[in-house]
1. Of all residues in segment 91-117, which are in a loop (DSSP other than H, G, I, E, B), in contact with a helix residue (DSSP H, G or I) (Cβ under 9 Å, 6 or more places away or on another chain) and free of Cβ contacts under 8 Å to residues at least 60 places away in the same chain?
2. Which of the numbered conditions does Val69 fail, given that it passes all the others? Conditions: (1) in contact with a Pro (Cβ under 8 Å, 6 or more places away or on another chain); (2) surrounded by fewer than 14 Cβ atoms within 10 Å (Cβ to Cβ).
3. Quickly run through segment 162-175 and pick out the residues that are surrounded by fewer than 21 Cβ atoms within 10 Å (Cβ to Cβ) and outside any loop (DSSP other than H, G, I, E, B).
4. Hey, could you check segment 262-297 for residues that are outside any helix (DSSP H, G or I) and closer than 10 Å to Phe235 by Cβ and say which is nearest to the chain's Cα centre (by Cα)?
5. Looking at segment 108-135, which of its residues are surrounded by fewer than 19 Cβ atoms within 10 Å (Cβ to Cβ) and of a type in the set (D, E, K, R)?
6. Count, please, the residues in segment 81-107 that happen to be over 18 Å from Gln11 (Cβ atoms) and either buried (at least 17 other Cβ atoms within 10 Å of the Cβ) or touching a His at 6+ places or on another chain (Cβ under 6 Å) (or both).
7. Which residue pairs have Cβ atoms closer than 8 Å, lie 6 or more positions apart in sequence or on different chains, and pair a first residue in segment 220-247 that is touching a residue at least 60 places away in the same chain (Cβ under 8 Å) and within 27 Å of Val100 (Cα to Cα) with a second residue that is of a type in the set (D, E, K, R) and surrounded by 15 or more Cβ atoms within 10 Å (Cβ to Cβ)?
8. Just the residues that are over 30 Å from Asn88 (Cα atoms) and outside any loop (DSSP other than H, G, I, E, B), please, taken from segment 1-32.
Amino acid sequence: MRQPEVYLFGQVLGTHSFLLKDGFLEPDEYAEIAEKYFLPGGETGTAATVLDSLGVSVRMDGTWIGREVAPMLRKFYADKQVDLSPLNFDYDDPGVMDYVVIAGLVRSPMGRFQTLFSTGERWWSIPREEDIAGCKAAAVDPFFGAESLRVAEICAKHGIPFVTIDSHHESPLHQMAAVNVVSKECTATRYVGQAPEDILAQLQETSTGLTIITQGSGDMLYARRGEPIHRMSPFRVTVRSTLGAGDTFKAGCVYGLLHGMNDEELVRFASACSAVAISRFPLPLHPPKLEEVRALL
């Protein structure tokens, strides 16, 4: 594989997804499963799948890959421009997995992440400079503490712009990122009771990069330090599943960085990627193609 264009670091896991036939789960009531899959997931795994579909070569690292996830992951990426060589496939465990129940606009993920993080043990890789240097853009999930920060520092050293997600205004990742995408879920827990405009104002003050606040079907807000706040409505499509929407938006931002888009172009492109993604299921088997995104734009 040639030198990848993009380096991704973060959550790579196996996702068991269940699309229900007739609405979401109700207590004590039967629910019919329409479709079910076991496919690559996680913020980084999904972004890698989307970027490959957009024609971008990727190298990814992060979560250790256990024995139940490894065969699926290797088979899925065998014919794709995704370099798995940095990943640790020797994790003596079934592997990190989640389970997601989906019905249209509603989904509920389940897993053991609180348990995994509470052990105090590391179950992810230490990033290597040689894997990152030479790439033209990157994305860093914030979940892995010192290791996530290490990726940001290596990117800064080599002048590689990177995208991060859900990093608050005091976070070094936010302060160093070219783009920080902050979700509605993050603002609801980190900035309780604050208006999106006030949250964005705090984020603007501590970074020269672009900050984007996404709000599901509501308007996106975006700005840089010293700028007025810009708004953009998301594209309207028929929603089949929202699983992976935010990860696809992140991938779209990486693509925008890679291709030198201005802020408005980048936000529109990422929004279009996400809109295409939520119009089908399962996303890993039907990721957005560049011609589909351009047609929506």
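The values are calculated or read from the model by the stated rules, or taken from the named source; none is laboratory data. None of these values were measured; they are calculated from a predicted model. Note: ideal-geometry Cβ built from the backbone for every residue, glycine included; neighbour counts use all protein chains shown.
1. none
2. (2)
3. Of everything in segment 162-175, those that are surrounded by fewer than 21 Cβ atoms within 10 Å (Cβ to Cβ) and outside any loop (DSSP other than H, G, I, E, B) turn out to be Pro172, Gln175.
4. Residues of segment 262-297 outside any helix (DSSP H, G or I): 262, 279-282, 286-289, 297.
From what is left, the residues that are closer than 10 Å to Phe235 by Cβ are 279, 297.
On the way: Ser279: 17, Leu297: 21 Å.
Residue satisfying both the conditions and the ranking: Ser279.
5. Answer for segment 108-135, where residues must be surrounded by fewer than 19 Cβ atoms within 10 Å (Cβ to Cβ) and of a type in the set (D, E, K, R): Arg112, Glu121, Arg122, Arg128, Glu129, Glu130.
6. 4
7. Listed pairs, sorted by first residue: Arg240/Arg280; Ser241/Arg107; Ser241/Arg280; Thr242/Arg107; Leu243/Arg107; Gly246/Glu43; Asp247/Glu43.
8. Here is the first cut: in segment 1-32, the ones over 30 Å from Asn88 (Cα atoms) are 19-32.
Result: Leu19, Leu20.
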